[in-house]
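Asks: Below is one structure. I have some questions about it.
The numbers here are math on the coordinates, done by the rules we state, and not lab data. For clarity, every value in this text was computed on a predicted model and none was experimentally measured. For neighbour counting, all protein chains shown are included, and Cβ atoms are generated from backbone atoms with ideal geometry for every residue, glycine included.
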Amino acid sequence: MNVQWRDLRFPGGDGEVAVRLGLPAASATRPALLLNLAGDHVTQLQTHPYDIPVQAFLAAGHAVASVEMPGHGDRLRPGEPAGIACFAADAARGEDTLGRFVADLERAIDGCIGANLVAPGAVFAAGTSRGGYLALRLAAECPHVAGVAAYAPVTDWQVLSEFAALSQRADVAAMALVHWAPRLAGRPVWIGMGNHDPRVGTTQCLEFATAVAAAERDLGCPSAFCLHVVPEDGHSLSASWRQRGADYLLEVAGRPWPR
């Protein structure tokens, strides 16, 4: 597929936010932007199966983007742990790394809108595991996000082995997505989760979905929340289910605007 890759930088909370943008050779009539979250730039944009929604959006003529997560790629700090262990180390010091990163993602979206790369309300987010958490959290906090697909997402950090020593702390409990459930009520959300995922917790994902359903009932708004608990053992999600999440977002992107 013929894709033009561009590296952009926008002002961020702790300096600049580096965004890798992919533009298809032929653009859709109403181009949208997909922000995919699954580690570093290469993993998010060019590594199967994490790039399945990326490839789907590019094929439909939409732009794609990535922002490297803390503890990944160029954001891996010397002498610091990588991946989720980085989040846990920061949390142990009382640092809200996840909250700061979500704010940087919002700044990246604002930068893309300000540069006329995408229209407000035409931004979508997808993510896997820790990236799924961030995609859902971003959708809850950023009104420009029109839909989100989360693959086997973290919904409660207390479950993760890296957070075992911190699991009783109130600030870690406060990071659970159930606290953002009211902000996702009525929003287009698609989640795929294995029926036995001890790594991030199938039970916790069901509790989050129940909280969103309760918020939609209390607010009297129509539900747009889709949770698929699928017969997969362990912390994984097959390519076919990832494609279903991408198809869901493309269907939402094709609806009449403004939303």
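Asks: Kindly provide the pair-distance distribution of the chain built from C-alpha pairs, with 10 Å bins from 0 and whole-percent values in order of increasing distance.
Replies: Reading the bins upward from 0: 7, 33, 39, 19, 2, 0.
Asks: Could you sort 235-248, 115-128, 212-225 so that the peptide with the highest average Cβ count within 10 Å comes first and the rest follow in order?
Replies: Packing order, densest peptide first, comes out as 115-128, 235-248, 212-225.
Asks: Related question: How big is the charge dipole of the chain about its Cα centre, in debye rounded to the nearest 20, if each Lys and Arg gets +1 on its Cβ and each Asp and Glu gets -1 on its Cβ?
Replies: 560 debye
Asks: Using the charge dipole of the chain (Lys, Arg: +1 at Cβ; Asp, Glu: -1 at Cβ; taken about the Cα centre), state which of F101, T155, V212 has its Cα farthest towards the positive end.
Replies: Looking along the dipole axis, the top candidate is V212.
Asks: While we're on this one: If a/c stays under 1.5 just call it rounded; otherwise compare a/b with b/c (prolate if a/b is bigger, oblate if not). Do that for the range 53-135, with a ≥ b ≥ c from the square roots of the Cα gyration tensor eigenvalues.
Replies: Because a/c hits 1.5 or more and a/b exceeds b/c, the range 53-135 counts as prolate.
Asks: Another question, then. So what's the back-of-envelope 222 nm ellipticity for the chain, counting only DSSP H runs of four-plus at -39500 (n - 2.57) apiece and dividing by all residues, rounded to 500?
Replies: Helix-only estimate at 222 nm: -11000 deg cm²/dmol.
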